[in-house]
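The next block holds one structure in the form of structure tokens; read it before the comments.
The values are calculated or read from the model by the stated rules, or taken from the named source; none is laboratory data. Note that the structure is a prediction, hence the values are computed from the model and not measured. Cβ atoms come from the backbone with ideal geometry, glycine included; neighbour counts cover every protein chain shown. Surface accessibility is based on the protein's heavy atoms, side chains included, excluding ligands, DNA and RNA. Shrake-Rupley method; radii C 1.70, N 1.55, O 1.52, S 1.80 Å.
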Amino acid sequence: QEKLVESGGGLVQPGGSLRLSCTASGFTLSGYLMKWYRQAPGVERELVATITTGDGTYYTDSVKGRFTISRDNAKNTVYLQMNSLKPEDTAVYYCNARYFVKDIWGRGTQVTVSS
């Protein structure tokens, strides 16, 4: 069964850092376009970052310079390093893998930025 599991969320103070992990099972994510999305209460799901199979990256403007997406194919894992966190980064963060018609989602991990 193809599956993604996110981890690493939690409560952090403004200005702090977290690293989210997304580990795949049942498939090899090296051939997939990998994305991180987030969704805050009452808000549409938002694309945060993308990494291509060639390690090209894309970030939404609000996280540029603060977040870094990366992949470790040997561990079948994608990461989202989040620095200088702000209260507006509070959301459930979801991992997504895409390859042609395949569209695989994790269940999400909660990130709360609050003092």
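Solvent exposure of the chain amounts to 53 Å² per residue of accessible area, where only protein heavy atoms count and the probe is 1.4 Å. Label zone (Trp105, point 7 Å along Cα-to-C-beta; backbone nitrogen cut-off 18 Å) within region 1-43: 2-7, 22-25, 33-43. Give me the percent of accessible area attributable to carbon and sulfur for the chain, probe 1.4 angstrom. C and S atoms contribute 48 percent here.
By the Stokes-Einstein formula, at 1.002 mPa s and 20 °C, region 71-115 with its Kirkwood radius over alpha-carbon pairs has D equal to 171 µm²/s.
Note the count of lysine pairs whose C-alpha atoms are less than 18 angstrom apart in region 11-115, limited to pairs 8 or more residues apart or on different chains.
4
Applied to region 4-14, the Karplus parametrisation 6.51 cos²θ - 1.76 cosθ + 1.60 on θ = phi - 60° returns per-residue 3J(HN,Hα) values of 10, 10, 8, 8, x, x, x, 9, 9, 7, x Hz, with x for Gly and Pro.
Within the set of other residues whose C-beta is less than 13 Å from the C-beta of Gly16, count the net charge using Lys and Arg as +1 and Asp and Glu as -1. So the environment of Gly16 carries a net charge of +2. With one equal scatterer per alpha carbon and no solvent term, the Debye-computed log10 I(q)/I(0) for the chain at 0.15, 0.17 1/Å reads -0.59, -0.76.
Using a cutoff of 8 angstrom between alpha carbon atoms and counting only pairs six or more residues apart, the relative contact order for region 1-70 works out to 21 percent.
Hey, how many Å between the Cα centroid of region 42-109 and the Cα centroid of region 1-34? Each part's Cα centre sits 8 Å from the other's. Note on region 46-92: the C-alpha convex hull projects to 3.7 nm² when averaged across all orientations. Extension gain for the segment Lys86 to Ser62, taken as residue separation times 0.36 nm less the Cα-Cα distance, is 7.6 nm to one decimal. The Arg45 and Ala74 beta-carbon pair, evaluated with R₀ = 25 Å, returns a calculated FRET efficiency of approximately 0.25.
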